[in-house]
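A short write-up of the structure that comes next.
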Amino acid sequence: MGELPAGYRAVTGTRRSPVPGAVRIGDADRQELVLVSIRLRRRPSAPALPELGSGVRLNRGGFAAVYGADPADIAQVENFAARFGLGVRETSVARRTVVLAGIVEQLERAFAVELGDYQIGQMRYRGREGHVHLPAELAAVVEGVFGLDNRPQARPQFRSAAPHVRALAPNSTQALTPPQVAGLYEFPAGLRADGQCIGLLEFGGGYAPADIAAWFSGLGLVPPGLADVSVLGAANSPGSDADVEVVLDIDVAASVAPGTRVAVYFAPWTEQGWVDAVTTAVHDAANEPSVLSISWGWPEFETAEGLTWTAAAMDAVSVTFQEAGVLGMTVLAASGDQGTDCQIGDGVAHVIYPGCDPYVTSCGGTEIKDVSAAGFTEVLWQGNGASGGGVSVNFAVPDWQTTVALPASVNDGHAGRGIPDIAGNAHPDSGYVLILDGADIGPVGGTSAVAPLYAGLIALASAQAGAIGFINPTLYQLAGSDVFRDITCCGDNGYGGAPGYPVGAGWDATTGFGSVRGAALVDELSGDLVAALIPSWH
């Protein structure tokens, strides 16, 4: 980038480096049309967000009125867009977002950046280096600019087993159904989730309604009402490997929460897609999801130097998860399917984002085996994948997590947010047979099967008690109680040459507190621990 235009300055948190190993092969197409999402500050008059657990709840309309963007700031962005010939595609006070459209040569002038084409292996992306820049008066009200760089930034967290697993003998590991697992986990029998909506984030793929209907019919269940929500033009587009993730999420979540509706948020698998999908889902006043399940993730760091997520993007997503708690929305995310390696392969332990966000309930993986009338055995998932878990580089230890003995990082001994918080059936051998393109596939597992399972449980609890919201403080208050089935066997979650964390008694960085006894947790969430959280402020 040459000399900055007069009056411009860098937007904090927007620095980008190339993907490690990527080579700039040329300039970006000067005539390519690009959508850019500008994230604005909260209106200056807004008070601090209510403490989660304070008893204050805002509905979505009330939240936007108090904590949304200042219309004057939106007008400032619109004036900036007009100055450079950019179109305004969308404005949202609640999401604090303005989406602009322009061709590359306009955007380079407007944001004082140079956009290039980069390649590493088979992956090609439009990227930039350094910071995004804006006129100083506008930079003062902007928290992030997303979309100039479109490198892929999401992986589904599912694993498939060999088809023969379905026919294994009793008293071994064998394919199950989500309702069977809900029964083993003692989900409350007879409860329904009528009036609730489960939100699912999807960064690729799609589903055929006929497949969903056939799978539910095969289990003797009524399929859920489904609403597709397009983010940045992405849509329900079956025909790729990601279809497995989409179908898995829908089938698992809705089959254990009869009566629920499901909103599926389709977004591009980029940083911009993440920010816009999360803000859209959390502030969706049309579908009003009470719980959000995220089965996708990306490591906090690709290497020690190569930050994948910009600070601005992680801040935007994390703050929105905090807002979700104020709105009474619970957020669950997969902790990852390749143990501490996280598909990086550098021999260093990693954790994935958003599974490590402090405002998310992180869901790790177990294996269910030896199922019989007398019960079942449950162990750490390690084999054909492994439960993600470990210590965050980006997030400090939250106050509510100081009550457990967190391990130091196996990399360098630093302290940080430990994950997961809870765990559930994830080994693909004890996973779920699905229907895709009219045929059985699987079994399929992964921690991406755990987040929607517990999302269904939260939907059941919300139907009984009202908005549940952020549950982590409650989970950690319940440490050592019979709400959890502690997983103490066997080994650790090291994978692909990366060092791991051992499973053991109490909270650990492989399975958290263990799997959840559903009825016991619903009782707690419906009782005194959460009763103080339910009053609403409209």
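Quick notes
- Scanning region 325-372 for residues that are in contact with a His (Cβ under 9 Å, 6 or more places away or on another chain) and closer than 28 Å to Arg60 by Cβ gives a single hit, Leu327.
- Restricting region 210-232 to residues that are of a type in the set (Gly, Ala, Ser) and in contact with a Pro (Cβ under 8 Å, 6 or more places away or on another chain), the residue that is farthest from Thr279 (Cα to Cα) is Ser217.
- Residues in region 8-27 that are in contact with a Ser or Thr (Cβ under 7 Å, 6 or more places away or on another chain) and hydroxyl-bearing (Ser, Thr, Tyr): Thr14 alone.
- Considering (1) under 21 Å from Ala316 (Cα atoms); (2) hydrophobic (A, V, I, L, M, F, W, C); (3) more than 28 Å from the chain's Cα centre (by Cα), the lone condition that Leu52 does not fulfil carries the number (3).
- Matching residues in region 1-19 - criterion: being surrounded by 14 or more Cβ atoms within 10 Å (Cβ to Cβ) and not β-branched (Val, Ile, Thr): Tyr8, Arg9, Ala10, Gly13, Arg15, Arg16, Ser17, Pro18
- Considering region 174-261, the qualifying helices (runs of 4 or more DSSP H), each wholly inside and each with 2 or more residues that are under 26 Å from Val379 (Cβ atoms) and of a type outside the set (Asp, Glu), run over 178-184, 243-255.
- Residue count for region 310-357 under the criterion of being more than 12 Å from the chain's Cα centre (by Cα) and either more than 16 Å from Phe395 (Cβ to Cβ) or assigned to a loop (DSSP other than H, G, I, E, B) (or both): the result is 22.
Any read-out appearing in this document is the output of simple, stated calculations on the displayed coordinates, not a laboratory observation. Since this is a predicted model, take the numbers as computed values, not measurements. No Cβ is skipped: glycine too gets one built from the backbone with ideal geometry, and neighbour counts run over all protein chains shown.
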